[in-house]
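Input: a single structure, listed below in structure tokens.
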Amino acid sequence: MARRDAASDRRLAAQDRGAGSDDRTQAELDRETALANRGAAASDRSQVELDRDAALTDREASAQEEDYLSVDALTGALLRSAGFMAMQREMTSATRTNKPLILAFIDVDHLKEINDANGHAAGDQMLLQVAETLRANLRPRDLLIRYGGDEFICAISGLEMADAAKWSGRVNAALATTSERGSVTVGFAELQTHDSLEDLVARADAALYRERQGRRPRA
């Protein structure tokens, strides 16, 4: 009887040891699973970081492309479409704050003659010199726009019409000292209440025409 009890105890002990071994094995498996889950979570976080970095890079590339498409490659001035959107914002701001805003319509003098006599490279150099001189006489917030061909537009906030001629005088005085010795003709229009962008540009263009006509020698 005692031997049977001892044998039974040994079998129970063996079963307990087996169960303990199974428990240890399951604990190892649980630890390995937890470790794998932590690894997967870390991998997911890394992927999220990579996705954010990729999205930021894409946005920066898109912004750079937009800037490239908005700027005249030769002169660095805004192209007409981008410039007019910026000018519309300036008009809205000037109207809201009741501050003066002058639009200067600028024509480069004798550009066709320069192109015909010295080639388009010389004409491009003149355009670049004019753009740099205009920019030097503008504040950072003022707009310089390549309207097309030999024409530029500047939107100058805070400038009174009474001082507009002095501004163009400074520009021409500066151009006279450059290697190209260029000059420009300028027509001005001041923003009025209820002006549209087209109204303002048209008045400045008409003023430019009158200015050019007035500078022609009479027969």
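So what is the relative contact order of the stretch 78-215, in percent, for Cα pairs below 8 Å that sit 6 or more residues apart?
34 percent
Find the percent of Cα-Cα distances in the stretch 122-215 that exceed 24 Å, and round it to a whole number.
18 percent
Each value in this text was obtained by applying a stated rule to the coordinates, not by laboratory testing. Owing to the predicted nature of the structure, the values given are computational and were not obtained by experimental measurement.
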